[in-house]
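Structure first, then comments.
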Amino acid sequence: MLTNTKIILKKAQANHYAIGHFNINNLELVQGIVQAANNLNSPIILATSEGAVKYAGINFLYQLAATASELSKVPIALHLDHGKDLNVIKQAIQLGYSSVMIDASHETIEKNIQLTKKVVRLAHQKGISVEAELGTIGGVEDSIKSKNILYTDPQKAQEFVQKTGCDFLAIAIGTSHGAYKFPGKAKLHQQLLQEIKQKVTIPLVLHGASTVPLSLVNQANHYGAKLTHFHGVPESEIKQAIRNGICKINTDTDLRIAFTTAIRQSLTNNPQEFDPRSYLAEARNSIQHIVEQKIKLFGSVNKK
């Protein structure tokens, strides 16, 4: 049975670690992520973006997550990431997702509050928790596009949470979606995070938090990719953010690079191969490996 996201985030908040949110859109991603979680006895959040829903279908994705949860020994939550379409949000609530995100961060704060309150009302009727966002983190991922970072204001964050009743809040402290996160040295606004934490008592969420390891990028390029000038969030900044109150960390870009690199490597080394099970198994193993690294980084090992 899927776990309510709020339950595992509250536990993480109380014990000063973070839960990994990992985006999914196919079977091999789910299997690799869940195997890593079971290996390390860590709770996890499987997440579907609206782009993933369009690609794979919300019913297929829900059933993948639900089956994984039934077979798993660790808590697994299913989350709708960056929900902008109210129809998709309502579908997720009706199916029984663990949590949904309403992303109205591009709207005025008044409109954001109005839309968030509406989703909170709908979700809470079904016992489903809600993530909202205040501020914009920039970058490009699926249908999420923003040129500028608008940092979260601590006072406005406090008022927003009080007025909407959301269960956890995504904030903007300097991260960015996609692989091109920083034009130069990567650094998060840790002081701002501390100020927000003093004002907001619910769990805080960090989007755009892939580390984009140079070794992974170099491996991808060795096998034919053309990934240049990629800058992720340093692990030291992630650890500091957790110490300063971040309880949920979203990872997608690193999974995409790892998955694609494994396929490139497999097909390069075995050009005669045409069975998808062969190279997709390699991709699944790569996902398991990188998710295990993330779980260790987030401090959620043996926290089931």
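The values are calculated or read from the model by the stated rules, or taken from the named source; none is laboratory data. These numbers were taken from a predicted model, which means no experiment stands behind them. As a convention, Cβ positions derive from the backbone with ideal geometry for all residues, glycine included, and neighbour counts pool all protein chains shown.
Things worth noting here:
- Restricting the stretch 214-254 to residues that are surrounded by 17 or more Cβ atoms within 10 Å (Cβ to Cβ) and among the acidic types (Asp, Glu) leaves a set whose member that is farthest from LEU9 (Cα to Cα) is ASP254.
- The conditions of being under 16 Å from ASN302 (Cβ atoms) and assigned to a helix (DSSP H, G or I) are not met by ALA52.
- So LYS10, is it among the basic types (Lys, Arg) and either within 19 Å of LYS84 (Cα to Cα) or surrounded by fewer than 18 Cβ atoms within 10 Å (Cβ to Cβ) (or both): yes
- SER105 vs. criteria at pLDDT below 95 and either in contact with a strand residue (DSSP E or B) (Cβ under 8 Å, 6 or more places away or on another chain) or more than 23 Å from ILE202 (Cα to Cα) (or both): yes
- Flag for ILE89 being closer than 28 Å to ILE171 by Cβ, surrounded by fewer than 23 Cβ atoms within 10 Å (Cβ to Cβ) and of a type in the set (Val, Ile, Thr): no
- Exclusive hit being free of Cβ contacts under 8 Å to residues at least 60 places away in the same chain, outside any strand (DSSP E or B), in contact with a helix residue (DSSP H, G or I) (Cβ under 6 Å, 6 or more places away or on another chain) and among the small types (Gly, Ala, Ser), set ALA92, ALA104: ALA104
- Which numbered condition GLN63 misses (of (1) surrounded by 17 or more Cβ atoms within 10 Å (Cβ to Cβ); (2) over 15 Å from the mean Cα position of the chain (by Cα); (3) assigned to a helix (DSSP H, G or I)): (1)
- Here the condition is being more than 22 Å from HIS229 (Cα to Cα), modelled with pLDDT under 95 and surrounded by fewer than 21 Cβ atoms within 10 Å (Cβ to Cβ); of TYR151, TYR180, it holds for TYR151 alone.
- Qualifying residue in the stretch 249-270 (condition: under 20 Å from the mean Cα position of the chain (by Cα), assigned to a helix (DSSP H, G or I), under 30 Å from ASP153 (Cβ atoms) and in contact (Cβ under 8 Å) with a residue 40 or more places away in the chain): yes
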